[in-house]
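Student: Below you will find the structure I want to go over with you.
The values are calculated or read from the model by the stated rules, or taken from the named source; none is laboratory data. Keep in mind that what you see is a predicted model, and the values were worked out from it rather than measured. Virtual Cβ from ideal backbone geometry, glycine too; neighbours counted across all protein chains shown. These area figures cover heavy atoms from the full protein model, side chains too; ligands, DNA and RNA do not enter into them. Shrake-Rupley method; radii C 1.70, N 1.55, O 1.52, S 1.80 Å.
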Amino acid sequence: MSGPEGRAGVWTEETAAAQKTESAPKNTTTDGVSMEDLPIRDDLRGRSPYGAPQLAVPVALNTNENPYAPSGRLAETLAARVAEVATGLNRYPDRDAVRLRAALAGYLGHGLDTSGVWAANGSNEVLQQILQVFGGHGRTAMGFEPSYSMHPIIAGVTGTGWAPVPRTPGFDIDVEAATEAIVRQQPHVVFLTSPNNPTGTSLPLEVIERIAAVAPGVVVVDEAYAEFRREGTPSALSLLPAHPRLIVTRTMSKAFAMAGARLGYLAAHPAVVDALQLVRLPYHLSAVTQAVAATALDFADELLGAVKQLREERDTLVAWLRARGFAVADSDANFVLFGEFADRGAAWQGLLDRGVLIREVGPPGWLRVTVGTPEEMSAFREALLQVAAGQ
Ligand SMILES: *Cc1c(COP(=O)(O)O)cnc(C)c1O
């Protein structure tokens, strides 16, 4: 396996030591000029770029990717569709991505059609477009933390203020506290992540409805992990008909195993989709991306079969960790938050020294591990037992 720097293979103690820390932003160049010397926006000064480490490790369980690569049959079909598209690349793509949006609407069901679905380059771009329309300077977005770190980052980049509200010790949203904070602070955008990253916990529909009833602006339910939820856990898609200011975002990066293709989407009232046209760049979604995403949707059954396996592996992992005395948050996602470590940094490093990269994220004392293949999970379990014995 090779990482972004193309470092292949041999894993040694030295490699582990060399890759010790989460990569810090490089803010000086060889001639000594740093970005701080440039006339950048005042509100961007001192910020760090998003930086989940991309290290060349034998077992990478840190970014919630799907470990199952596209099958040979899917890869061949993708290549054939891209070859068809290639002969038309002198032309701009379908600006409205109509065919893809129709396919996404068909996949989601719930009576949705093209007019109520929008797509962009990853759900991060979808979130950015939402904040460009509904947030911005002098406006505020609210989130319930710990949650997805990109929500406050994208808010900041779009000049939107950030109003965090803490979750309960069990990682739930306290509805009374949430509605009180919304009534008092009147946020223009409210982010609800369900299943939540990094905790894995999902929200009852009743909580989303109570929040939507008092929120003066838009309510975004980030459902990046929707396909991994346990039996009986509902999706906020069913609330859309009654709530014209509710937006549900999804992605093909996780369940569909297409993180490299960059395709995210949303479902909402058609008026919301119309409003997003004001900020989307013309031709933002390349013809290649549109063709790749539509082809992956044709293979939904195959791809979601692997999701079933990952959900089982997840439930096995949760039970295994609990049986060994770890605290584990309920998970409806393809990762598990567990703890509590007196020194989680040392535990994270101990795992990395054994070639297993997980994520140091969430509340102090907790770590997040992505569910991988059975082989990756047994490597994780073995390394964790060694680390725990040494602590
Ligand atoms: C991974 C993730 C996303 C996905 O982002 P993409 O840009 O679609 O890859 C969105 N929201 C949450 C909460 C995530 O964890």
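Student: With a ≥ b ≥ c taken as the square roots of the eigenvalues of the C-alpha gyration tensor of region 72-298, please select rounded if a/c is under 1.5 and otherwise prolate if a/b is larger than b/c or oblate if it is not?
Tutor: Prolate, because a/c is 1.5 or more and a/b exceeds b/c.
Student: State the extension gain, in nm to one decimal, for the chain segment bounded by T29 and A300, taking 0.36 nm per residue of separation less the distance between their alpha-carbons.
Tutor: 93.0 nm
Student: Moving on to the next point. Under a 1.4 angstrom probe, counting protein chains only, how are E227, E36 ranked by accessible area, largest first?
Tutor: Ranked from most to least accessible, the order is E36, E227.
Student: Could you please state, rounded to a whole Å, how far the C-alpha centre of region 44-121 is from the C-alpha centre of region 332-379?
Tutor: The two parts, judged by their Cα centres, are 27 Å apart.
Student: Note the full-extension length gain between E312 and T168 as 0.36 nm times their separation in residues minus their Cα-Cα distance, in nm to one decimal.
Tutor: 49.1 nm
Student: If you don't mind, there's one more thing I want to ask. Points 7 angstrom from Cα along the Cβ direction at D42 and V157: gap in nanometres?
Tutor: Each label point is offset 7 Å from its Cα along the Cβ direction, giving 2.3 nm.
Student: Have a look at the DSSP beta bridges in the chain and tell me what percent are antiparallel, nearest 5.
Tutor: For the chain, the DSSP antiparallel bridge percentage is about 45.
Student: Between A52 and N90, what is the FRET efficiency for a Förster distance of 25 Å, r being their Cβ-Cβ separation, to the nearest 0.05?
Tutor: The calculated FRET efficiency here is 0.10.
Student: Once you order the gyration tensor axes a ≥ b ≥ c over the Cα atoms, which shape class does the chain get: rounded for a/c under 1.5, otherwise prolate or oblate by comparing a/b with b/c?
Tutor: Because its axes are fairly even, with a/c under 1.5, the chain counts as rounded.
Student: What percent antiparallel are the DSSP beta bridges of region 72-298, to the nearest 5?
Tutor: Restricted to region 72-298, the bridges split so that about 35 percent are antiparallel.
Student: Taking 0.36 nm per intervening residue step and subtracting the Cα-Cα distance, what contour gain separates A271 from Y283 on full extension?
Tutor: That pair, A271 and Y283, stretches by 2.3 nm at full extension.
Student: Another question about this same structure. Could you tell me the relative contact order of region 72-298? Use alpha-carbon pairs under 8 Å, at least six residues apart, and round to a whole percent.
Tutor: Rounded, it is 28 percent for region 72-298.
Student: Related question: Calculate the spin-label point distance for D113 paired with A319, positioning each point 7 Å from the Cα along the beta-carbon direction, and give it in nanometres.
Tutor: Placing both labels 7 Å along Cα→Cβ, they lie 4.6 nm apart.
Student: Turning to a different aspect of this structure: Decide, for region 229-298, between rounded, prolate and oblate: order the square roots of the alpha carbon gyration tensor eigenvalues as a ≥ b ≥ c, take rounded if a/c falls under 1.5, and otherwise choose prolate if a/b is larger than b/c, else oblate.
Tutor: Oblate shape, in that a/c is at least 1.5 and b/c is the bigger or equal ratio.
Student: Using 15 Å as the cut-off for backbone N distance, which residues of region 290-321 belong to the label zone defined by a point 7 Å from the Cα of E231 along Cα→Cβ?
Tutor: Residues 308-309, 311-313, 315-316 fall inside that zone.
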